[in-house]
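Trainee: One structure is given below, represented as structure tokens, and several questions about it will come after.
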Amino acid sequence: MNINDSLCLSALFLATGGLLSGCGGGSSSDDNDTATISGVIYAAPVSGAQVSIKTAGGELIAGPVQSGSDGNYTIEVDRDRLSEALIVESSGGTFNDEATGLSVTADSLMAHVPAGRLSSGSNVSLTPGTTIVGRLITAHQMTRQAAENAFQNAFGYKPDSAVTPRASGGEKNQLRAGLRAAAFSQLNMDLGLQAAEQFDLLQAIADDLADGNADGSDANGPIDIGSSGKRLPMDIQNRFSRAMTRFFASANNLSGLTADEIGALPEGSVVLTDSYKIERTPMMGPMEGKSTCTLTITNNSDGTPATGLNLSLTPVMHMAMHSHSTPVGGCIEQADQPGSYQCTVYYLMASKMMNGTSMGFWDMKVTIGDEEAHFYPTVMMAMGGDTAKAVLQGQDDKIAGMGGMNPGGDMAGDHQMQMSAMDMGDGTMPEKRKYFLFHDGLTGTTGNHTFDLFIATKENMMSYPAVSVGTTLKNEMGAEWTVNTMSVEVSTDRTNWIAATDNGSGHWSASGISGLTDGSQGTLYVRLTVNGEQKTDDGYAPDGTADDAEFKVTPGGSSMSMGM
């Protein structure tokens with residue numbers, strides 16, 4: 001007698017209503033007719049939530065079931081309903097809010113799943129992001145593509161209910177999903193809302209995005225956040241980026257992700273401080289090298305241009321193993337546009353490679369008095385074949401060792417391996433001082449061109465001062481010294497050199513350059529000498545070979561300057 005026969009015989013004696021079905025060794029009819037769907041309810045893991053599946057028309061077809069202490073749930077649904085668009089939603093339960101640490105009673109989360117997307121064993125996890133997209137589809141009748149595009153344009157990513165979010169101990173895509181959910185918790189706290197009001201915040205954001213714009217308003221005006229008495233701010237996009245970076249840097253972040261692994265941050269163009277509205281234009285992304293933008297600043301009190309301000313820029317690049325700043329040209333108010341400030345930054349490196357690989361993220365802090373605003377530009381690699389920057393080094397001219405990986409001249413070379421091309425310092429040995437030479441502009445016509453340079457140096461990871469005659473720097477022992485003499489010379493043939501003029505604050509200009517042809521790429525060589533020491537490309541004494549910096553330039557070509 002085989003096993004199946006034994007099972008069937010046992011069933012015969014035990015059954016009271018006839019033989020049990022399925023004794024032939026195959027699946028039962030119930031197994032064939034139902035599919036198992038699982039996932040996690042996640043604001044942080046929500047315990048005790050009631051989870052149901054409905055059709056797009058609101059018909060309940062599965063559940064409710066209850067989520068476990070880890071937020072996980074499993075639910076059975078008729079297989080023949082998987083060909084329909086479905087809504088998975090939860091209500092109630094409790095969770096520990098990640099930003100505040102408080103125990104919170106949850107409200108509703110949801111995910112909209114397109115028809116035919118699910119099969120038995122599929123994962124559908126509910127997060128703040130899937131909830132906003134789901135409400136755009138169900139409450140605002142947006143197509144799924146339009147809803148996802150509106151969300152991605154606002155928050156920098158596309159929510160994926162198939163990914164199970166994790167606060168720790170998961171795959172990188174799961175950890176990113178968990179970190180992004182926590183960013184909404186941080187955003188809620190930053191807006192001064194109670195922890196439980198974050199569900200009202202999600203609804204308000206969905207209402208905001210219904211017109212495709214993340215600006216805190218709809219056709220009826222500013223959007224209220226539930227009954228909190230607060231309104232959704234017009235800079236909600238930028239505030240999410242700020243919340244994301246703040247939670248990432250906090251002790252509450254258990255993900256273990258590094259700055260190059262957290263995903264894209266939305267580049268909000270508007271920031272509100274207590275006193276000012278600051279709008280950044282143009283929206284086109286900056287590139288490695290010289291980048292400019294315009295900051296238009298108005299007073300919150302009456303909307304008038306905020307004139308005569310003293311702006312301070314502090315750009316910081318957050319990478320996997322360290323953070324560093326970059327040279328800054330400053331901000332100048334435009335004489336013909338009150339309240340409009342043209343700002344220049346000289347980026348040492350890109351935050352995103354051409355193949356999409358992230359190197360980390362730039363945080364551009366703008367300080368006005370005791371108020372500050374943060375922008376998060378995605379900085380791309382220099383394009384077009386012309387040289388954006390070059391680096392020369394001192395020999396006896398040294399600074400204190402920084403330790404870890406330090407951004408150095410090698411970054412001007414193989415951009416595909418920019419991380420590995422950084423100098424390694426042990427934090428004890430001095431390092432040779434680097435001078436960064438940036439293409440600052442090329443004007444004139446064939447036979448008479450003017451080449452502008454901006455020159456800065458590295459004092460430490462957070463200080464890259466401009467260098468002109470009279471600049472005060474520090475050596476490897478921390479002692480101050482002054483740039484008493486400095487020469488910058490430019491040549492097209494390494495034989496005939498033109499002395500550049502020091503225009504102050506790191507700006508130099510060499511005029512009367514011949515040997516370049518408009519519309520054709522040529523080469524300029526730049527020789528730098530500070531206090532009698534000629535700087536070289538390798539940090540060793542000049543040997544008569546390629547000791548100078550080399551710039552590929554195209555007169556009459558496109559500008560090197562992009563948006564900050």
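The values are calculated or read from the model by the stated rules, or taken from the named source; none is laboratory data. Note that the structure is predicted; figures quoted are calculated from it, not measured. Every residue, glycine as well, gets a Cβ built from its backbone with ideal geometry; the counts of neighbours run over all protein chains shown.
Trainee: Which of the residues belonging to region 492-503 are free of Cβ contacts under 8 Å to residues at least 40 places away in the same chain and more than 39 Å from the chain's Cα centre (by Cα)?
Mentor: Thr492, Asp493, Thr495, Asn496, Trp497, Ile498, Ala499
Trainee: Looking for something surrounded by fewer than 15 Cβ atoms within 10 Å (Cβ to Cβ), part of a loop (DSSP other than H, G, I, E, B) and out of contact with any helix residue (DSSP H, G or I) (no Cβ under 8 Å at 6 or more places or on another chain) - is there at least one such residue anywhere in region 45-56?
Mentor: For region 45-56, residues surrounded by fewer than 15 Cβ atoms within 10 Å (Cβ to Cβ), part of a loop (DSSP other than H, G, I, E, B) and out of contact with any helix residue (DSSP H, G or I) (no Cβ under 8 Å at 6 or more places or on another chain): absent.
Trainee: Taking the options Gly556, Gly478, name whichever one is of a type outside the set (Lys, Arg), closer than 24 Å to Thr326 by Cα and at pLDDT below 95.
Mentor: Unique residue meeting the criteria: Gly478.
Trainee: Now for a separate question. Under the condition of being farther than 17 Å from Ile205 by Cα and of a type in the set (Lys, Arg), which residue from region 221-278 is farthest from the chain's Cα centre (by Cα)?
Mentor: Checking each candidate, the answer is Lys277.
Trainee: A further question on this structure: Based on what the data block shows, is Thr445 among the hydroxyl-bearing types (Ser, Thr, Tyr) and modelled with pLDDT of 95 or more?
Mentor: no
Trainee: Identify the single condition in (1) under 22 Å from Thr273 (Cβ atoms); (2) out of contact with any Pro (no Cβ under 8 Å at 6 or more places or on another chain); (3) not aromatic (Phe, Trp, Tyr) that Lys389 does not satisfy, given that it satisfies every other one.
Mentor: With respect to (1) under 22 Å from Thr273 (Cβ atoms); (2) out of contact with any Pro (no Cβ under 8 Å at 6 or more places or on another chain); (3) not aromatic (Phe, Trp, Tyr), Lys389 is out only on (1).
Trainee: When the residues of region 518-554 are filtered to those that are of a type in the set (Gly, Ala, Ser) and without any contact (Cβ under 8 Å) to a residue 24 or more places away in the chain, which remaining residue is nearest to Ile455 (Cα to Cα)?
Mentor: Going through the qualifying residues, I end up with Ala546.
Trainee: Report the residue count in region 288-320 for those that are within 29 Å of Met349 (Cα to Cα) and among the β-branched types (Val, Ile, Thr).
Mentor: Of the residues in that region, 6 qualify.
Trainee: Then there's this: Could you give every pair whose Cβ atoms fall below 8 Å, whose first residue belongs to region 506-517 and is at positive phi, and whose second residue is in a strand (DSSP E or B) and basic (Lys, Arg), counting only separations of at least 6 or pairs across chains?
Mentor: Close Cβ pairs (under 8 Å, with a partner that is in a strand (DSSP E or B) and basic (Lys, Arg)) do not exist here.
Trainee: How do the strands (runs of 3 or more DSSP E) wholly within region 328-401 filter down when requiring 3 or more residues that are out of contact with any helix residue (DSSP H, G or I) (no Cβ under 9 Å at 6 or more places or on another chain), touching a residue at least 40 places away in the same chain (Cβ under 8 Å) and hydrophobic (A, V, I, L, M, F, W, C): which remain?
Mentor: Hits in region 328-401: 361-368.
Trainee: In the set Thr304, Thr298, Thr292, Thr273, which member is more than 19 Å from Ala182 (Cβ to Cβ), surrounded by fewer than 22 Cβ atoms within 10 Å (Cβ to Cβ) and at pLDDT below 95?
Mentor: Going through Thr304, Thr298, Thr292, Thr273 in turn, just one is more than 19 Å from Ala182 (Cβ to Cβ), surrounded by fewer than 22 Cβ atoms within 10 Å (Cβ to Cβ) and at pLDDT below 95: Thr292.
Trainee: While we're looking at this one, here's another question. Can Arg242 be described as closer than 18 Å to Thr378 by Cβ and assigned to a strand (DSSP E or B)?
Mentor: In short, no.
Trainee: Same structure again: For region 170-213, how many residues are surrounded by fewer than 24 Cβ atoms within 10 Å (Cβ to Cβ) and over 20 Å from Ala111 (Cβ atoms)?
Mentor: Here the count works out to 13.
Trainee: Being within 30 Å of Arg79 (Cα to Cα) and of a type in the set (Lys, Arg) narrows it down to one of Arg180, Arg166, Arg176, so name that one.
Mentor: After ruling out the rest, the residue left standing is Arg166.
Trainee: Hey, among Asp493, Asp537, Asp543, which residue is surrounded by 16 or more Cβ atoms within 10 Å (Cβ to Cβ) and either basic (Lys, Arg) or out of contact with any helix residue (DSSP H, G or I) (no Cβ under 6 Å at 6 or more places or on another chain) (or both)?
Mentor: When all the criteria are applied, what remains is Asp537.
Trainee: Give the residue that is farthest from Val328 (Cα to Cα), with candidates limited to residues of region 431-478 that are β-branched (Val, Ile, Thr) and either in a strand (DSSP E or B) or free of Cβ contacts under 8 Å to residues at least 60 places away in the same chain (or both).
Mentor: Thr445
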